[in-house]
Amino acid sequence: MTTNPTHAKPTALETYRARRADVARLLDWLGMELDKLGEKAEAEPVNWGYAGTMGHVRTSLIDLLEGLSGIERERIEETLRE
């Protein structure tokens, strides 16, 4: 039986699905924040702070992808240069 009574502890799959849904929502939210930051960067084209922020975000995302996929950082960086 695949149903889980409301009083029972969630299964691994149920927990995965809930967390996966959270990750999808967070990615959408990240996209919106990137759009807002992009507008600010366009309004202040000489402000290097926005480029620095993007560098930090980029590094963090590469770290996440490397950990999740097992692909070496060098390969990820190479793919980004293509």
Only unsatisfied item for Glu42, checking (1) of a type outside the set (A, V, I, L, M); (2) surrounded by 10 or more Cβ atoms within 10 Å (Cβ to Cβ); (3) modelled with pLDDT of 95 or more, is (2)
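Right, Glu74: without any contact (Cβ under 8 Å) to a residue 24 or more places away in the chain, farther than 19 Å from Val23 by Cβ and either of a type outside the set (Val, Ile, Thr) or not in a helix (DSSP H, G or I) (or both) or not?
Considered against the rule, which asks whether it is without any contact (Cβ under 8 Å) to a residue 24 or more places away in the chain, farther than 19 Å from Val23 by Cβ and either of a type outside the set (Val, Ile, Thr) or not in a helix (DSSP H, G or I) (or both), Glu74 comes out as yes.
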Residues in segment 70-79 that are surrounded by 10 or more Cβ atoms within 10 Å (Cβ to Cβ), under 17 Å from the mean Cα position of the chain (by Cα) and not basic (Lys, Arg) total 3
**OP:** With the condition kept exactly as written, say whether any residue in segment 15-28 is outside any loop (DSSP other than H, G, I, E, B) and more than 17 Å from the chain's Cα centre (by Cα).
**Re:** yes
Residues of segment 29-64 being under 13 Å from the mean Cα position of the chain (by Cα) and among the hydroxyl-bearing types (Ser, Thr, Tyr), in sequence order, are Thr59, Ser60
Worksheet item: Can Gly67 be described as at pLDDT 95 or above, surrounded by 11 or more Cβ atoms within 10 Å (Cβ to Cβ) and more than 10 Å from the chain's Cα centre (by Cα)?
Response: no
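The values are calculated or read from the model by the stated rules, or taken from the named source; none is laboratory data. Just so you know, these numbers come straight off a predicted model, no measurement behind them. In this analysis, Cβ positions are derived from the backbone assuming ideal geometry, glycine residues included, and neighbour counts consider all displayed protein chains.
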